[in-house]
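See structure below.
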């Protein structure tokens with residue numbers, strides 16, 4: 001386990017001699033956790049005394065899933081959406097100039113797929129305009145957002161479409 005020690009100079013009282021003035025405060029970084037030492041010492045005490053620093057065992061949080069797992073979850077979502085609309089999943093998530101969007105049913109739908117384990121997902125107007133601009137004139141844009149649990153299993157699924165499309169669906173044609 002790698003531990004990084006970072007001293008920081010500040011004003012305060014020395015733990016060993018009690019003098020007010022410039023003291024060293026130590027911070028330890030263990031993985032993602034940043035821990036402050038409980039006592040500050042002045043420069044003379046730091047150089048004249050043997051300093052013993054004890055690290056308590058830190059509670060470690062479970063490791064985050066690797067990006068590979070996130071990618072698999074996104075690709076699984078895209079495949080399921082393509083199957084649901086009777087279309088295809090674009091390789092590279094629409095990164096090719098002739099295959100924009102994540103999923104597409106030619107002449108009907110083109111959309112973006114987003115998965116998240118967060119409690120929310122922020123959507124910008126620019127993001128929606130981009131999806132609309134990638135559609136051919138006879139295609140309807142959509143965005144699918146899946147909220148997943150810690151194991152990337154979908155818990156809640158949403159699909160966003162422009163209001164004109166929603167009205168057409170609501171009115172039955």
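The values are calculated or read from the model by the stated rules, or taken from the named source; none is laboratory data. Source: prediction; values computed, not measured. Don't worry about glycine lacking a Cβ; one is built from the backbone with ideal geometry, like all the others, and counts go over all protein chains shown.
Note on the stretch 135-173: residues that are assigned to a helix (DSSP H, G or I) and touching a strand residue (DSSP E or B) at 6+ places or on another chain (Cβ under 8 Å) total 1. Just one of (1) surrounded by fewer than 18 Cβ atoms within 10 Å (Cβ to Cβ); (2) more than 18 Å from residue 84 (Cα to Cα) fails for residue 148. It is (1).
None of 73, 126, 118, 113 is in a loop (DSSP other than H, G, I, E, B) and under 21 Å from the mean Cα position of the chain (by Cα) except 118. Cβ-Cβ distances below 9 Å connect the following pairs, each with a first residue in the stretch 120-143 that is in the same structural domain as residue 90 (by TED's automatic domain parsing) and closer than 22 Å to residue 156 by Cα, a second residue that is exposed (fewer than 11 other Cβ atoms within 10 Å of the Cβ) and modelled with pLDDT of 90 or more, and a separation of six or more residues or different chains: 141/133. Of all residues in the stretch 106-139, those satisfying the criterion of being crowded, with 18+ Cβ neighbours inside 10 Å, over 23 Å from residue 68 (Cα atoms) and touching a helix residue (DSSP H, G or I) at 6+ places or on another chain (Cβ under 9 Å) are 109, 110.
The sole residue among 29, 83 that is modelled with pLDDT under 90, exposed (fewer than 14 other Cβ atoms within 10 Å of the Cβ) and either in the same structural domain as residue 160 (by TED's automatic domain parsing) or not in a loop (DSSP other than H, G, I, E, B) (or both) is 29.
Would you please name the residue that is modelled with the highest pLDDT, looking only at residues in the stretch 89-98 that are surrounded by 16 or more Cβ atoms within 10 Å (Cβ to Cβ) and out of contact with any helix residue (DSSP H, G or I) (no Cβ under 6 Å at 6 or more places or on another chain)? Residue satisfying both the conditions and the ranking: 90.
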